[in-house]
Structure formats: structure tokens, C-alpha cells
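The values are calculated or read from the model by the stated rules, or taken from the named source; none is laboratory data. Predicted model, so just to flag it, every value in this text is computed and none were measured. Glycine gets a Cβ as well: all are built from the backbone with ideal geometry, and neighbour counts include every protein chain shown. Quick note on the areas: whole protein, heavy atoms, side chains included, nothing else; ligands and nucleic acids left out. Shrake-Rupley method; radii C 1.70, N 1.55, O 1.52, S 1.80 Å.
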Amino acid sequence: MPLVAHLSDPHFGAERPEVVDDILRCLHLLRPDVVVLSGDITQRARAGEFRRAREFVDRLPPCKRLILPGNHDLPLNLLSRLLWPLGRFRNTFGSQLEPSLDTPELLVICVNTTRAWRHKHGVVSPAQIAHVADRLRQGPPEQLKVVVTHQPAAVSRELDEPDRLRGGPRAVQAWREAGADLILGGHIHLPYMLPVLAEPPESGRGPVWVVNAGTAVSRRVRYEAGNSFNLIRSLHTNDLGERLCTVERWDHQPGQGFTPTRVHELDLPGAPHMAREPARATG
């Protein structure tokens, strides 16, 4: 399966130059096949910030890049926000606001959840939910099926509930039923992996996993989490026929760069509901 690096919330304009250098060095060693950037590429959507973000993307190792806008990529100026909300994003990264990747082993669908009339809250519309579900259903069963939003579709703590994606519960249910395995997000600068079971629970279907990333390179870290990114390394089936996906969390350590700190074996839909305890990485 292609190696996927999931980065979020770099916030160029508030980036830490030494962390930028460290993550680029790490990614060149890992050589991912796909890099997903799940929003908040800039801090204030200024031209210079987008220029630095473009320079960062150009310095990534050769790979497929899927770049999704976040709420910070909308300008603060009200007129620009309403008339040209993602103009600088389009000029920098192209007109595609919902990029995707479809290979025999991997399907990645990005969903633009930013709205010009909202300050920071994200929304997924019924039309977007239905469109993504249709694409998921078309994929072969052996694919790892991944959906990407900026705001998290589910949160791990009650205090983060106000930042959850509007329409998230409906989206999670519909996408899970259509075959989604992972839903990637960011926005709150907190890395976690959360299993969300299908409804009703007695359906016997396994969870879809909401996989959130911290801030990749910015100084806007939360007190309980520093700079980090996720690495989706493999999809495999064990002797019991269970589908498992290996996801690693890489944290920045001052003076050491990025190192793997947790390795998660995620039971994917179709497997039993029991989630495996995350294990410390060895090396």
C-alpha cells in the first residue's frame, strides 16, 4: 500500500523554521508516496504566508500532494472573504479545493468544509456527504478508503465539542456505511485516534476511525501536544481475516527532530470492534 504522510495546520506565518527543516528532513528519509495537508496552511491567508507555504510544498520529496484549505486560509478582510474567499489558496495550489487520489490500493477523498460566512466552524453539506458516499461505494473492497476534512468529524474530549465539524455525525454514519475506513482531520492541534461505531451497535460492523493530526510545524501548539504528524504505513489482513491498518504518530523532539512515539494497529470495518491498545514504537 502507498505510504501516506498526514500533516495538518502548518500555519505558515506562525511556523517554527527549525521544525520546518526537521519535518522536511524526516519526510525525505521516509519518502512517502502521498502527503495529505488537511487545512490551515497559513495563519492569516496573507500573500507572503502562501508564498512560504508554496516553498514548503515544493521542498517535499517527490510524491502526490493533496492540499485542503482550512478556516485560516480565508482572509480576515470581510469584503475579500465574501467576494474572493479562497482566491490566494487557488492561486497558490490550483483551483481544485477537494483533491482526491484513486489507486487500486488507496482511495483518498478531500472535502472542503470551510465557509466564507463562518469564522472558524466547518460544515459538511448533505450534497457533500452523498457525493463522498457514492465514491466510497464505487471502490473495491481491498482499497483503504480515506476521507479528509479540516475540522474533526468526531472529538475525543467534551471541551472540543464546539470545534467539531457541523454535520459530522451524519457524515460519519453515511461514510461508514459506504465503506470508509479512516476520516482524517486537524483544526484543534490535538492528535488522537478515535473509533466511531456504526449505528445501531448491534449491526456487527466495526468502527470507522477518526484520525486527527496535531500542528505540523507551527508555534501554535497546545499545552498537551507539540508538533507532530501521522504516518499511515500499511493495510494488511491477519490470520483471523481481520483488516488492520498501521498508523504511526511522529512527534517533534527538540534537538532530535521527528521520531515515532506511538504505533497503532487499527481494526478496520469488517473486523471485530475491539480496538488494540496503542503500543510504544521501538526505534
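So which residue, out of LEU136, LEU78, LEU197, gets the largest mean-square fluctuation from a GNM of the chain using Cα contacts under 10 Å as springs?
Of LEU136, LEU78, LEU197, the Gaussian network model singles out LEU78 as fluctuating most.
Determine how large the accessible area of VAL57 is when every protein chain is in place; take a 1.4 Å probe and give Å² rounded to the nearest 10.
0 Å²
What number, in percent, do you get for the relative contact order of region 1-76 if the mean sequence gap of Cα pairs under 8 Å and at least 6 apart is divided by its residue count?
It comes to 39 percent, rounded to a whole number.
Projected onto the charge dipole of the chain (+1 at Lys/Arg Cβ, -1 at Asp/Glu Cβ, origin at the Cα centre), which of HIS187, ASN71, VAL211 gives the Cα projection farthest towards the positive end?
ASN71
To the nearest 20 debye, what is the magnitude of the charge dipole of the chain about its Cα centre, counting +1 on the Cβ of each Lys and Arg and -1 on the Cβ of each Asp and Glu?
1040 debye
Taking only C-alpha pairs under 8 Å that are 6+ residues apart, what is the relative contact order of region 35-162 in percent?
25 percent
With a cut-off of 8 Å between alpha carbons and a minimum separation of six or more residues, what is the relative contact order of the chain in percent?
Numbers: 692 pairs, mean separation 51.1, N = 283.
Once divided by the residue count of the chain, the mean separation gives 18 percent.
Please arrange MET1, MET193 by accessible surface area, largest first, computed with a 1.4 Å probe and ligands excluded.
MET1, MET193
Please give the FRET efficiency for VAL57 paired with GLN256, using the beta carbon to beta carbon distance and R0 = 22 Å, rounded to the nearest 0.05.
0.35
At q = 0.12 Å⁻¹, work out log10 I(q)/I(0) for the chain with the Debye formula, treating every Cα as an identical point scatterer and leaving solvent out; two decimals please.
For the chain, the Cα-only Debye profile gives -0.70.
To the nearest 20 debye, what is the magnitude of the charge dipole of region 1-45 about its Cα centre, counting +1 on the Cβ of each Lys and Arg and -1 on the Cβ of each Asp and Glu?
Values: 4 positive and 7 negative charges, 14 e Å.
I would put it at about 60 debye.
For region 39-173, what percent of Cα pairs sit more than 27 Å apart?
Here the tail beyond 27 Å accounts for 25 percent of pairs.
So what is Rg over Rh here for region 86-154, counting just Cα atoms and using Kirkwood for Rh?
Reported Rg/Rh, Kirkwood definition of Rh: 1.00.
Would you mind getting me the FRET efficiency between THR103 and GLU18? Use the beta-carbon distance for r and R0 = 51 Å, nearest 0.05.
So the FRET efficiency works out to roughly 0.90.
How much length, in nm to one decimal, is gained on full extension between GLN138 and ARG115, taken as 0.36 nm per residue of separation minus their Cα-Cα distance?
The span from GLN138 to ARG115 would gain 5.5 nm if fully extended.
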